[in-house]
Amino acid sequence: MTAEYFVVRGQVEKGDQRGRELGFPTANIALRDQDGQIGDGVWAGWAERADGTRIAAAVSVGRRPTYYGADGYRLVEAHLLDFAGDLYGETLTVWLGHHLREQEAYPSSEALIVALTKDIADAAAWAADNPAAALPNPGDAGDGVVRRVGA
Ligand SMILES: Cc1cc2nc3c(=O)[nH]c(=O)nc-3n(C[C@H](O)[C@H](O)[C@H](O)COP(=O)(O)O)c2cc1C
């Protein structure tokens, strides 16, 4: 049985660089569909690099309400687990496999860091049970377009 995933592919853009300051760098991908086939939230998933390497990820879909209120634009931000390196300009494919929680507007960066630490532990546990080898074919919908794949 293949699990169901949302998949989005896109070029990694420069974010605000805040992720590095927080200690959780993210690969940011623009979402072309701002209305949202997927709702805002935090997901466990996998990311595939241009060279085919697959890395477990904790993924945020939303507007970064801690910093931008409701005015931010929606984007996909993938924090790749146990990864250090430059992804800017690279095309990344991201599978969202398991919804962990909703987006929250935290009172401080410190509170966001506590949540991110738990998200990463949760994503690692999910990835251990849902290996990359079992991921469904992502198909090709164009950059920034969200697709539902698997069944
Ligand atoms: C797993 C994960 C969960 C996140 N959850 C939230 C959240 O609940 N609320 C929020 O405002 N931002 C959340 N973010 C987004 C961070 O605010 C964002 O990554 C940070 O501000 C860095 O932004 P930058 O990449 O533009 O520098 C999350 C990011 C990740 C990777």
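Laboratory data are not the source of any read-out in this text; all were calculated from the coordinates shown. Everything quoted here is computed from the prediction, not taken from an experiment. Note: ideal-geometry Cβ built from the backbone for every residue, glycine included; neighbour counts use all protein chains shown.
From the square roots a ≥ b ≥ c of the eigenvalues of the alpha-carbon gyration tensor of region 98-151, which class results: rounded (a/c under 1.5), prolate (a/b over b/c), or oblate? It is oblate, given that a/c is not under 1.5 and a/b is not larger than b/c. Over all other residues within a Cβ to Cβ distance under 14 Å of VAL59, the charged ones net out to -1, with Lys and Arg as +1 and Asp and Glu as -1.
Each of ASP129 and ASP16 was given a label point 7 Å from its Cα along the Cα-to-Cβ line. The distance between the two points is 3.4 nm. How would region 1-80 be classified by its alpha-carbon gyration tensor: rounded, prolate or oblate, with rounded meaning a/c under 1.5 and the a/b versus b/c comparison settling the rest? Oblate, since a/c reaches 1.5 and b/c is not below a/b.
The angle separating the long axis of helix 109-129 from the principal Cα axis of greatest extent in the chain is about 20 degrees.
The share of alpha-carbon pairs in the chain lying farther apart than 19 Å comes to 48%.
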